[in-house]
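Accompanying notes for the structure given below.
The values are calculated or read from the model by the stated rules, or taken from the named source; none is laboratory data. Not measured: the values here are computed from a predicted model. FYI the Cβ positions are ideal-geometry reconstructions off the backbone, even for glycines, and counts take in every protein chain you see. All accessible areas refer to the heavy atoms of the entire protein, side chains included, with ligands and DNA or RNA removed. Shrake-Rupley method; radii C 1.70, N 1.55, O 1.52, S 1.80 Å.
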Amino acid sequence: MSTNPSPSTDDPGQTSFWQASVLIPFLTVSLIWGGTWIVIKDQLGVVPESWSVTYRFALAALAMFVLAKARGQKLALGRAGHGWAMMLGLFQFACNFNFVYRAELYITSGLVAAMFALLIIPNALLGALFLKQRITGLFLGGSIIAIVGVSGLFAHEFARLQGAPDTLWLGIALTVLGVLSASIANIMQGTERMKAWPMLSMLAWAMFWGVVCNAVFALVSAGPPVFDMRLGYMAGIGFLALFASAVTFPLYFGLIRNIGPGRAAYVSTIVPVIAMIFSTIFEGYTWTPLAIGGGFLALAGLIIAMQARKPKTPRVVG
């Protein structure tokens, strides 16, 4: 397969967010990822974070290889393809998740979820820089409204930052690093070069190389493998690997290729709202007027920003 595809004539900015091929994957990813924060919280404790990430993506990679084969996609990537898969695996499936899992040791899962709404910013800026995708006023205005709304959802968490201990700021720094790692991977998926290879095969190998990175880091930082035989832990690994990884990442990266990394990142503004709904059901979270208003603002910002249809612009081959 050629590793130098001709530039696509499709412009993500011209694809309507409200068509079924975009809206259904968007809602599916948002719903599933909205439930991951509670599950990840239960993964912390007995098993070092790096080993939990390793187990998750080892199972997810296996599922992705099976899915790619079942869909008739060639698994061979060639040297160049594996180079891209290694980079994608490093940033998306190693750095991103190791930062996130560690961040939840110091700050609540809710605050981590809220901060991931900031993914809109680096995705839009890097998309403009490397993919030549313009940032419209409508998209910018909707993004600001949505971020303000998500901030309202977790106002009580942000209040803890005043006079916070160093460990709290460490959790925030780790989350920011996780956001930046995810954004780099998102932009990689938006390049024409990445589209040279079948998505499922690329994701399978990226997860494989992510597992290699995670396992090496886990051995160095935490020692030999540790496993928790609790049913809840094993079920959590299964959910995170199969549903929150093997199902959602093909859908999410498909959104990036379809509507661009900036608009696809709006998943991160809806996920905290869904996470709070799950928290209400399972953790007794109480909705304040500020939180309710924040939820509505987040949804309003999404609706406004998704009306933006960027004019066609040439994109560089990355």
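Average projected area of the Cα convex hull of segment 228-292, in nm²?
Directional mean of the projected Cα hull area for segment 228-292 stands at 6.1 nm².
If you wrap a convex hull around the Cα atoms of segment 113-213, how much volume per residue is inside, in Å³?
133
Probe 1.4 Å, all protein chains in place: accessible area of Cys95 in Å², nearest 10?
So the heavy atoms of Cys95 present about 40 Å² to solvent.
Subtracting the Cα-Cα distance from 0.36 nm times the residue separation, let me have the gained length for Phe296 to Trp169 in nm, one decimal.
Contour length minus the Cα-Cα distance gives 42.9 nm.
Going from the alpha-carbon gyration tensor of segment 19-121, what semi-axes, largest first and in whole Å, does one get by taking the root of 5 times each eigenvalue?
With the √(5λ) rule applied to segment 19-121, the semi-axes are 26, 20, 14 Å.
Using 0.36 nm per residue, how much length does the chain from Gln73 to Leu44 gain when fully extended, once their Cα-Cα distance is taken away?
Values: separation 29, 0.36 × 29 = 10.44 nm, distance 3.58 nm.
That works out to 6.9 nm of additional length.
Span-like helices, the chain: DSSP H, alpha-carbon axial extent 18 Å or more, mean Kyte-Doolittle 0.5 or greater, which ones?
Once both thresholds are applied, what remains is 20-34, 49-70, 137-153, 166-190, 199-222, 267-283, 289-305.
How do Val148, Val273 rank by accessible surface area computed with a 1.4 Å probe, from largest to smallest? Walk me through the intermediate numbers first.
Details: Val148 80, Val273 20 Å².
Greatest to least solvent exposure: Val148, Val273.
Calculated FRET efficiency, Ile281 and Ala80, Cβ-Cβ r, R0 51 Å, to nearest 0.05?
Numbers: r = 47 Å, r/R0 = 0.91.
Efficiency, from the Cβ-Cβ distance: 0.65.
Across the chain, what fraction of all alpha-carbon pairs, as a whole percent, falls in each successive 20 Å bin from zero upward?
33, 60, 8
Contour minus end-to-end for Gln19 and Met87, with contour as 0.36 nm per residue of separation and end-to-end as the Cα-Cα distance? Mind dumping the intermediate values first?
Working: separation 68, 0.36 × 68 = 24.48 nm, distance 3.18 nm.
In short, 21.3 nm is gained.
Using a Förster radius of 35 Å, what is the FRET efficiency between Leu231 and Leu129 based on their Cβ-Cβ separation? Nearest 0.05, please.
Values: r = 47 Å, r/R0 = 1.33.
The calculated FRET efficiency here is 0.15.
Note the count of lysine pairs whose C-alpha atoms are less than 19 angstrom apart in the chain, limited to pairs 8 or more residues apart or on different chains.
On the way: Lys69/Lys195; Lys74/Lys195; Lys132/Lys195; Lys132/Lys310; Lys132/Lys312; Lys195/Lys312.
Lysine pair count for the chain: 6.
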